[in-house]
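Quick notes on the structure that follows.
The values are calculated or read from the model by the stated rules, or taken from the named source; none is laboratory data. Since the structure is predicted, the reported quantities are computational estimates derived from the model, not experimental observations. Don't worry about glycine lacking a Cβ; one is built from the backbone with ideal geometry, like all the others, and counts go over all protein chains shown. What goes into the accessible areas is simple: the full protein's heavy atoms, side chains included, and nothing from ligands, DNA or RNA. Shrake-Rupley method; radii C 1.70, N 1.55, O 1.52, S 1.80 Å.
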Amino acid sequence: MKIKLLGKNLDDLRPRLKKFDLEEADDFELIVTHGGDGALLGAERDYPGVPKFPIRDAATAKTCPFHDPEMRLRDFVRHKEWTLLPKIEGNYLDQKVVGINDIILYNDDRLSALRYRVKIDGELYASEIVGDGAVLASVHGSTAYYRSITHSTFRVGLGLAFSNSTEEINHLVLDSASVVEIEVLRGPAVLAADNTPIRIEIPEHGIVTLRQSADTAKICNLKDFMCPVCRQLRHPDKYKTKL
(Lines give C-alpha, C1' and ligand atoms only; values in the text may rest on other atoms or scores of the structure.)
Protein backbone atom coordinates (compact mmCIF):
# COMPACT_ATOMS: atom_id res chain seq x y z
CA MET A 1 0.00 0.00 0.00
CA LYS A 2 1.23 3.47 -0.87
CA ILE A 3 1.29 5.86 2.07
CA LYS A 4 2.35 9.31 3.19
CA LEU A 5 4.14 9.42 6.55
CA LEU A 6 3.64 12.46 8.77
CA GLY A 7 4.66 13.35 12.32
CA LYS A 8 7.89 13.31 14.30
CA ASN A 9 10.75 10.87 14.77
CA LEU A 10 9.83 9.37 11.41
CA ASP A 11 13.20 7.63 11.07
CA ASP A 12 12.14 5.43 13.99
CA LEU A 13 9.17 4.17 11.98
CA ARG A 14 10.47 4.09 8.41
CA PRO A 15 12.59 0.92 8.75
CA ARG A 16 9.48 -1.02 9.80
CA LEU A 17 7.34 -0.08 6.79
CA LYS A 18 8.73 -2.54 4.21
CA LYS A 19 8.14 -5.43 6.58
CA PHE A 20 4.42 -4.67 6.37
CA ASP A 21 4.32 -3.86 2.65
CA LEU A 22 3.89 -0.12 3.18
CA GLU A 23 5.68 2.22 0.80
CA GLU A 24 6.01 6.00 0.90
CA ALA A 25 4.87 7.49 -2.40
CA ASP A 26 3.58 10.73 -3.90
CA ASP A 27 0.40 9.01 -5.11
CA PHE A 28 -0.50 7.79 -1.61
CA GLU A 29 -3.85 6.31 -0.63
CA LEU A 30 -3.35 6.41 3.14
CA ILE A 31 -1.68 8.78 5.60
CA VAL A 32 0.16 7.23 8.54
CA THR A 33 0.67 9.69 11.40
CA HIS A 34 3.45 9.09 13.92
CA GLY A 35 2.96 11.08 17.10
CA GLY A 36 0.08 12.09 19.33
CA ASP A 37 -3.38 13.57 18.88
CA GLY A 38 -1.87 16.72 17.36
CA ALA A 39 -0.24 14.78 14.54
CA LEU A 40 -3.59 13.22 13.62
CA LEU A 41 -5.46 16.54 13.83
CA GLY A 42 -2.82 18.28 11.74
CA ALA A 43 -2.89 15.56 9.07
CA GLU A 44 -6.67 15.79 8.75
CA ARG A 45 -6.43 19.57 8.54
CA ASP A 46 -3.85 19.46 5.74
CA TYR A 47 -5.27 16.42 3.91
CA PRO A 48 -9.01 16.38 4.67
CA GLY A 49 -10.88 13.26 3.65
CA VAL A 50 -7.80 11.11 3.02
CA PRO A 51 -7.91 7.95 5.21
CA LYS A 52 -5.61 8.10 8.26
CA PHE A 53 -3.88 5.46 10.37
CA PRO A 54 -2.49 7.01 13.59
CA ILE A 55 0.40 5.48 15.56
CA ARG A 56 1.76 6.77 18.86
CA ASP A 57 5.41 7.83 18.85
CA ALA A 58 6.97 5.47 21.40
CA ALA A 59 9.90 7.85 21.92
CA THR A 60 7.65 10.51 23.43
CA ALA A 61 4.56 8.60 24.60
CA LYS A 62 4.49 5.37 26.57
CA THR A 63 2.28 2.62 25.17
CA CYS A 64 1.07 -0.70 26.50
CA PRO A 65 2.74 -3.84 25.05
CA PHE A 66 -0.16 -4.35 22.63
CA HIS A 67 0.06 -0.91 21.02
CA ASP A 68 3.70 -0.12 20.39
CA PRO A 69 4.43 0.90 16.75
CA GLU A 70 5.44 -2.61 15.69
CA MET A 71 2.23 -4.14 17.04
CA ARG A 72 0.09 -1.39 15.54
CA LEU A 73 1.54 -2.01 12.09
CA ARG A 74 1.09 -5.77 12.42
CA ASP A 75 -2.52 -5.32 13.52
CA PHE A 76 -3.12 -2.94 10.62
CA VAL A 77 -2.11 -5.62 8.12
CA ARG A 78 -4.28 -8.24 9.83
CA HIS A 79 -7.38 -6.22 10.58
CA LYS A 80 -8.72 -2.80 9.62
CA GLU A 81 -11.61 -1.25 11.52
CA TRP A 82 -12.63 2.09 10.04
CA THR A 83 -14.25 4.88 12.04
CA LEU A 84 -15.96 7.88 10.44
CA LEU A 85 -15.53 10.75 12.89
CA PRO A 86 -18.04 13.59 12.48
CA LYS A 87 -16.36 16.97 12.14
CA ILE A 88 -17.63 20.27 13.46
CA GLU A 89 -17.36 23.74 11.98
CA GLY A 90 -17.53 27.41 12.84
CA ASN A 91 -18.63 30.01 10.29
CA TYR A 92 -18.35 33.78 10.14
CA LEU A 93 -19.57 35.41 6.93
CA ASP A 94 -17.70 33.55 4.16
CA GLN A 95 -14.95 32.25 6.46
CA LYS A 96 -14.92 28.79 8.05
CA VAL A 97 -12.85 26.66 10.39
CA VAL A 98 -13.32 22.88 10.67
CA GLY A 99 -12.16 20.55 13.42
CA ILE A 100 -12.37 17.00 14.71
CA ASN A 101 -12.30 17.88 18.41
CA ASP A 102 -13.64 21.36 19.02
CA ILE A 103 -14.44 24.82 17.71
CA ILE A 104 -13.43 27.59 20.09
CA LEU A 105 -14.58 31.21 20.30
CA TYR A 106 -12.41 33.11 22.76
CA ASN A 107 -11.46 36.63 23.82
CA ASP A 108 -8.74 38.19 21.66
CA ASP A 109 -7.67 40.45 24.54
CA ARG A 110 -6.68 38.01 27.29
CA LEU A 111 -6.96 40.80 29.90
CA SER A 112 -10.58 41.57 29.05
CA ALA A 113 -13.53 39.21 29.32
CA LEU A 114 -15.66 38.45 26.27
CA ARG A 115 -19.35 39.33 26.34
CA TYR A 116 -21.58 37.32 24.03
CA ARG A 117 -25.18 36.25 23.39
CA VAL A 118 -26.12 32.64 22.62
CA LYS A 119 -29.00 31.25 20.55
CA ILE A 120 -29.61 27.54 19.98
CA ASP A 121 -31.71 26.54 16.99
CA GLY A 122 -33.01 30.10 16.79
CA GLU A 123 -34.07 30.24 20.46
CA LEU A 124 -32.35 32.59 22.92
CA TYR A 125 -30.38 30.61 25.49
CA ALA A 126 -28.45 33.41 27.20
CA SER A 127 -28.82 37.14 26.59
CA GLU A 128 -25.31 37.83 27.85
CA ILE A 129 -22.47 35.64 29.07
CA VAL A 130 -19.25 37.15 30.40
CA GLY A 131 -16.15 34.98 30.33
CA ASP A 132 -13.27 33.68 28.24
CA GLY A 133 -15.48 32.21 25.52
CA ALA A 134 -17.37 29.15 24.32
CA VAL A 135 -16.44 25.70 23.03
CA LEU A 136 -18.41 23.40 20.74
CA ALA A 137 -17.09 19.85 21.03
CA SER A 138 -17.66 16.65 19.09
CA VAL A 139 -18.07 13.27 20.80
CA HIS A 140 -14.42 12.52 20.00
CA GLY A 141 -13.40 15.90 21.42
CA SER A 142 -15.44 15.49 24.59
CA THR A 143 -12.35 14.18 26.40
CA ALA A 144 -10.27 17.22 25.41
CA TYR A 145 -10.95 20.92 26.14
CA TYR A 146 -14.64 20.27 26.84
CA ARG A 147 -13.72 17.90 29.66
CA SER A 148 -11.26 20.38 31.19
CA ILE A 149 -14.05 22.96 31.41
CA THR A 150 -16.99 20.79 32.45
CA HIS A 151 -15.24 17.83 34.18
CA SER A 152 -17.53 15.58 32.16
CA THR A 153 -17.78 13.83 28.80
CA PHE A 154 -20.64 12.73 26.53
CA ARG A 155 -21.25 9.94 24.02
CA VAL A 156 -23.79 11.35 21.55
CA GLY A 157 -24.50 14.75 20.03
CA LEU A 158 -22.54 17.97 20.49
CA GLY A 159 -21.21 19.54 23.66
CA LEU A 160 -21.45 23.30 24.32
CA ALA A 161 -19.28 24.60 27.16
CA PHE A 162 -18.65 28.09 28.52
CA SER A 163 -15.13 28.85 29.72
CA ASN A 164 -14.68 30.79 32.98
CA SER A 165 -18.07 32.50 32.87
CA THR A 166 -18.65 34.96 35.69
CA GLU A 167 -22.16 33.65 36.35
CA GLU A 168 -23.39 30.10 36.75
CA ILE A 169 -24.59 28.73 33.44
CA ASN A 170 -25.26 25.16 32.43
CA HIS A 171 -23.03 23.45 29.92
CA LEU A 172 -25.13 21.57 27.36
CA VAL A 173 -25.20 18.37 25.34
CA LEU A 174 -27.11 19.14 22.16
CA ASP A 175 -28.59 17.13 19.33
CA SER A 176 -26.08 16.62 16.52
CA ALA A 177 -28.34 18.63 14.19
CA SER A 178 -28.39 21.69 16.46
CA VAL A 179 -27.05 25.05 15.29
CA VAL A 180 -25.52 27.46 17.79
CA GLU A 181 -25.37 31.20 17.05
CA ILE A 182 -23.09 33.40 19.11
CA GLU A 183 -23.12 37.19 18.82
CA VAL A 184 -20.08 39.02 20.18
CA LEU A 185 -21.35 41.90 22.32
CA ARG A 186 -17.92 43.04 23.49
CA GLY A 187 -14.82 41.87 21.71
CA PRO A 188 -13.03 41.38 19.53
CA ALA A 189 -13.12 37.60 19.63
CA VAL A 190 -11.22 34.89 17.77
CA LEU A 191 -12.69 31.78 16.16
CA ALA A 192 -10.44 28.70 15.85
CA ALA A 193 -10.56 24.91 15.54
CA ASP A 194 -8.40 22.13 17.02
CA ASN A 195 -4.71 22.93 16.51
CA THR A 196 -5.14 24.81 13.24
CA PRO A 197 -3.06 27.99 12.79
CA ILE A 198 -6.07 29.69 11.16
CA ARG A 199 -7.61 32.37 13.37
CA ILE A 200 -10.69 34.34 12.34
CA GLU A 201 -11.18 37.67 14.11
CA ILE A 202 -14.79 38.38 15.06
CA PRO A 203 -15.66 42.05 15.66
CA GLU A 204 -18.23 43.37 18.08
CA HIS A 205 -21.75 42.46 16.91
CA GLY A 206 -20.31 39.80 14.63
CA ILE A 207 -22.29 36.54 14.67
CA VAL A 208 -20.72 33.10 14.31
CA THR A 209 -22.55 29.82 13.73
CA LEU A 210 -21.33 26.54 15.17
CA ARG A 211 -22.62 23.17 13.96
CA GLN A 212 -21.72 19.64 12.97
CA SER A 213 -20.09 19.54 9.56
CA ALA A 214 -21.21 17.45 6.62
CA ASP A 215 -17.61 16.20 6.37
CA THR A 216 -16.10 13.28 8.28
CA ALA A 217 -12.61 12.01 9.03
CA LYS A 218 -11.90 8.36 8.14
CA ILE A 219 -9.60 6.82 10.76
CA CYS A 220 -8.32 3.24 10.92
CA ASN A 221 -8.13 1.30 14.21
CA LEU A 222 -8.91 4.40 16.27
CA LYS A 223 -9.79 2.42 19.40
CA ASP A 224 -6.24 1.10 19.69
CA PHE A 225 -4.83 4.60 19.20
CA MET A 226 -7.08 5.83 22.04
CA CYS A 227 -6.31 2.84 24.32
CA PRO A 228 -7.15 3.77 27.96
CA VAL A 229 -4.26 1.65 29.31
CA CYS A 230 -1.79 3.56 27.14
CA ARG A 231 -3.35 6.80 28.36
CA GLN A 232 -2.86 5.76 31.98
CA LEU A 233 0.81 5.01 31.33
CA ARG A 234 1.30 8.47 29.82
CA HIS A 235 -0.50 10.24 32.69
CA PRO A 236 0.07 8.13 35.84
CA ASP A 237 -0.67 11.00 38.25
CA LYS A 238 -3.93 11.89 36.55
CA TYR A 239 -5.12 8.29 36.46
CA LYS A 240 -3.40 6.94 39.59
CA THR A 241 -6.70 6.01 41.24
CA LYS A 242 -7.57 3.82 38.27
CA LEU A 243 -4.32 1.92 37.90
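Only one of these is in contact (Cβ under 8 Å) with a residue 12 or more places away in the chain and either closer than 26 Å to residue 143 by Cα or open to solvent by less than 30 Å² (accessible area, probe 1.4 Å) (or both): 23, 44, 70. Name it.
Criteria check complete, one pass: 44.
Do we find a residue being free of Cβ contacts under 8 Å to residues at least 12 places away in the same chain and either farther than 12 Å from residue 184 by Cα or buried (at least 17 other Cβ atoms within 10 Å of the Cβ) (or both) anywhere in region 129-143?
Yes, some residue in region 129-143 is free of Cβ contacts under 8 Å to residues at least 12 places away in the same chain and either farther than 12 Å from residue 184 by Cα or buried (at least 17 other Cβ atoms within 10 Å of the Cβ) (or both).
Identify, please: which residue in region 145-160 is open to solvent by less than 40 Å² (accessible area, probe 1.4 Å) and touching an Asp or Glu at 6+ places or on another chain (Cβ under 9 Å) and is, among those, nearest to residue 117 (Cα to Cα)?
The extreme case among them is 159.
Does residue 12 qualify as being out of contact with any helix residue (DSSP H, G or I) (no Cβ under 8 Å at 6 or more places or on another chain), modelled with pLDDT under 95 and among the acidic types (Asp, Glu)?
It is false that residue 12 is out of contact with any helix residue (DSSP H, G or I) (no Cβ under 8 Å at 6 or more places or on another chain), modelled with pLDDT under 95 and among the acidic types (Asp, Glu).
Of everything in region 172-188, what is closer than 18 Å to residue 137 by Cβ, in a strand (DSSP E or B) and of a type in the set (A, V, I, L, M)? Give them in sequence order.
Result: 172, 173, 174, 180, 182.
Could you grab me the full set of residues in region 163-208 that are without any contact (Cβ under 8 Å) to a residue 24 or more places away in the chain and surrounded by fewer than 17 Cβ atoms within 10 Å (Cβ to Cβ)?
Those that are without any contact (Cβ under 8 Å) to a residue 24 or more places away in the chain and surrounded by fewer than 17 Cβ atoms within 10 Å (Cβ to Cβ): 168, 170, 175, 197, 199, 203, 204, 205.
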